[in-house]
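Here you go, one structure.
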Amino acid sequence: MDYSKYPAEPFRIKMVEPVAMISRKERERAAKEAGYNTFLLNSADVYIDLLTDSGTNAMSDRQWAGLLLGDEAYSGSRNFKHLENTVKDLFGFKYVVPTHQGRGAENLLSTIAIRPGQYVLGNMYFTTTRFHQENNGGIFVDIIRDEAHDATLNVPFKGNIDLEKLERVIVEKGAANIAYVCLAITVNLAGGQPVSMQNMREVSEICKRYGVKVFYDATRFAENAYFIKEQEPGYADKSIADITREMFSYADGCTMSGKKDGIVNIGGFLCLNDEELYTEATELVTVYEGMPSYGGMAGRDMEALAIGLKESMQFEYIEHRIKQVRYLGDRLLAAGIPIIEPVGGHAVFLDARRFCPHLEQTQLPAQSLANELYIESGVRSMERGIVSAGRDRVTGENHMPKLETVRLAIPRRVYTYKHMDVVADAVIRLYQRRHEIRGLRFVYEPKQLRFFTARFEHI
Ligand SMILES: *Cc1c(COP(=O)(O)O)cnc(C)c1O
């Protein structure tokens, strides 16, 4: 491996949180008590926590300083003004509605923009996004390019929408029956895969032609912008800020989870250009989140988010971020471990189908693999396969996603390259004894978003 490809941390560490590893016996007990669901483990029992990159970020000294500037007035907080102006400036949308986190924004958007029976088109589903779409009577249609469903295909911009599928669905169903297109940048469940600027431009052109709105799931916009700068012709000399502006110029609005590329621990917002939709959103936000000037966040949260959004677009930050994730992926690839290729923005995804070929998908191979990795090493990851995909609302049958994966999500600015080595070594050890990994079955299955709180036992 050529280590010069991976930049050193563009920060120094001035506060630390000690972590310790409990013994293997204790980890076996902890996994059993958690019903073999890594979501249900106690944080204290985890050594390196790659469950998610959501809300697990380390804030900068400036963000911590911003917390002290919180204006906790019930209404009209100056921190909201700061956040609102920052988002308008960076993203270029007319209206900003704050929410407690991304799914709060998804709830608002799905409620105001979907009529029951309408189709919602997206580049692969996301768990909470699809939940809110379906909960409002929407019918989700996946129009991501086919390559995204194949873990082994190493192609750039694997998150792109298939333009032929897009146009075909609009023509078949009729534009009036399409609620909107939801374009995720990047695509979490496809492996953190980016969408190209050209694809965003073309999706916008097609949708404009038919009068269909396009909303982005902007959760990892800065990571997506970095991939465009790195890999799309014509963008190498453009700043992340310019790329971000152009990306959003092709959208009618977006939902945002601040817990990812906002580099904070909680927060989110909805952006809109349409005044009528904005008015509806402000009416709804007071019911579900809070006043339109805080939407479930404290003043200090909004201040930290305003600062974090700017930091996420600094080149040194985002380059290190992407390349640290890539480092983990490259180490695994060098050892012959099956992962989703290319390595995406926020996580490395183990391909459980190839890791555990002795298990059927209904034996929950990724769920089982995530558990074994925890027991092996104290590293916590998450299943992104049949358990996460849930059941079809109409037939009650399990969705059977082509991708059956374990996600190793890297929190922002939290772990070092040496931590990545510990993770890689653990996965490599586990791969050598992969035949011992046994299947699981549900003993408790929640009706919705089952992966969060389900419990399992060994078959
Ligand atoms: C995390 C996430 C969401 C939901 O955001 P929360 O802040 O967790 O509610 C939506 N879409 C994508 C792609 C995400 O990764």
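For residue 452, put the label point 7 Å out on the Cα→Cβ axis and report which residues of region 46-71 keep their amide N under 20 Å from it.
Correct set: 50-57.
Here is a further query. Which translational diffusion coefficient, to the nearest whole µm²/s, is obtained for region 135-234 from the Stokes-Einstein equation, given a Kirkwood hydrodynamic radius over C-alpha pairs, 25 °C and 0.890 mPa s?
On the way: Rh = 14.1 Å.
Here the translational diffusion coefficient equals 174 µm²/s.
A further question follows. Rounded to the nearest 500, what is the chain's calculated 222 nm mean residue ellipticity when only DSSP H runs of at least 4 contribute -39500 (n - 2.57) each, over all residues? Mind showing how you got there, number by number?
Details: 16 runs with 182 residues, N = 459.
Dividing the helical sum by the residues of the chain leaves -12000 deg cm²/dmol.
Another question about this same structure. Between region 51-66 and region 183-260, how far is it from one alpha carbon centroid to the other, in angstrom?
Taking the Cα centre of each part, region 51-66 and region 183-260 sit 23 Å apart.
In addition: Please give every one of the aspartates and glutamates within straight-line cross-link reach of residue 402, meaning a C-alpha to C-alpha distance under 14 Å, and leave out same-chain neighbours fewer than 8 residues apart.
Output for residue 402: 142, 146, 147, 150, 351, 360, 383.
Which value, in Å² and to the nearest 10, is the accessible area of residue 415 when all protein chains are kept and the probe is 1.4 Å?
Roll a 1.4 Å probe over it and residue 415 shows about 30 Å².
If you don't mind, another one. Can you tell me the alpha carbon radius of gyration of the chain divided by the globular rule-of-thumb value 2.2 N^0.38 Å?
On the way: Rg = 21.2 Å, N = 459, 2.2 N^0.38 = 22.6 Å.
Ratio of Rg to 2.2 N^0.38 Å for the chain: 0.94.
Once the mean 1/r over all distinct Cα pairs of region 61-311 is inverted, what Kirkwood radius in angstroms do you read off?
On the way: mean 1/r = 0.0552 Å⁻¹.
Roughly 18.1 Å, rounded to one decimal.
Right, here's the next one. How much FRET efficiency would the formula 1/(1 + (r/R0)^6) give for residue 173 and residue 39, where r is the Cβ-Cβ distance and R0 is 56 Å, rounded to 0.05? Present the calculation step by step, with values, prior to reporting the outcome.
Details: r = 36 Å, r/R0 = 0.64.
For R0 = 56 Å, the calculated efficiency reads 0.95.
Place a +1 charge on the Cβ of each Lys and Arg in region 1-131 and a -1 charge on the Cβ of each Asp and Glu, then give the dipole magnitude about the Cα centre in debye, rounded to the nearest 20. Provide the component values of the computation, followed by the final result.
Numbers: 16 positive and 15 negative charges, 58 e Å.
Approximately 280 debye in magnitude.
For residue 260, list the lysines whose Cα falls under 18 Å from its own Cα; do not include residues on the same chain fewer than 8 positions away.
Of all the lysines, those that pass the test against residue 260 - Cα under 18 Å, at least 8 places apart if same chain - are 310, 323.
Classify region 40-117 as rounded, prolate or oblate from the Cα gyration tensor: take a ≥ b ≥ c as the square roots of its eigenvalues, call it rounded if a/c is under 1.5, otherwise prolate when a/b beats b/c and oblate if not.
Working: a/c = 2.21, a/b = 1.17, b/c = 1.89.
Oblate, since a/c reaches 1.5 and b/c is not below a/b.
Quick one: go through region 288-314 and flag any residue whose amide nitrogen is under 18 Å from the point 7 Å out along the Cα-to-Cβ line of residue 241.
305-314
Please work out how much accessible surface residue 121 shows to a 1.4 Å probe, ignoring ligands, DNA and RNA, in Å² rounded to 10.
We get 0 Å² for residue 121.
Equivalent-ellipsoid semi-axes (√(5λ), Cα gyration tensor) for region 365-455, whole Å, largest first? Spell out each step's value before the answer.
Values: eigenvalues 147, 49, 24 Å².
Taking √(5λ) for each eigenvalue gives 27, 16, 11 Å, largest first.
Using the crude model of +1 on Lys and Arg Cβ and -1 on Asp and Glu Cβ, and no other charge, please compute the dipole size for the chain relative to its Cα centre, in debye to 20. Present the calculation step by step, with values, prior to reporting the outcome.
Values: 56 positive and 61 negative charges, 169 e Å.
Value, rounded to 20: 820 debye.
OK, next. In whole Å and largest first, what semi-axes does the C-alpha gyration tensor of region 170-295 yield when each eigenvalue is scaled by 5 and square-rooted? All intermediate terms of the calculation are to be shown ahead of the outcome.
Values: eigenvalues 121, 92, 31 Å².
Equivalent ellipsoid semi-axes, largest first: 25, 21, 13 Å.
Given a cut-off of under 8 Å on Cα pairs at least six residues apart, what relative contact order in percent is computed for region 257-403?
On the way: 139 pairs, mean separation 18.1, N = 147.
That works out to 12 percent.
Moving to a separate point now. Could you give the length gained on full extension between residue 418 and residue 393, defined as 0.36 nm per residue of separation minus the Cα-Cα distance, in nm? Could the numbers behind the result be given before it?
Numbers: separation 25, 0.36 × 25 = 9.00 nm, distance 4.38 nm.
Taking 0.36 nm per residue and subtracting the Cα distance, the gain is 4.6 nm.
Given a 1.4 Å probe and the protein chains all in place, what does the accessible area of residue 13 round to, in Å² to the nearest 10?
Ignoring ligands and nucleic acids, residue 13 comes out at about 110 Å².
The values are calculated or read from the model by the stated rules, or taken from the named source; none is laboratory data. These numbers come from a predicted model, not from an experiment. Glycine also receives a Cβ, built like all others from the backbone with ideal geometry; neighbour counts cover every protein chain displayed. Ligands, DNA and RNA are excluded from the accessible area calculation, which covers all protein heavy atoms including side chains. Shrake-Rupley method; radii C 1.70, N 1.55, O 1.52, S 1.80 Å.
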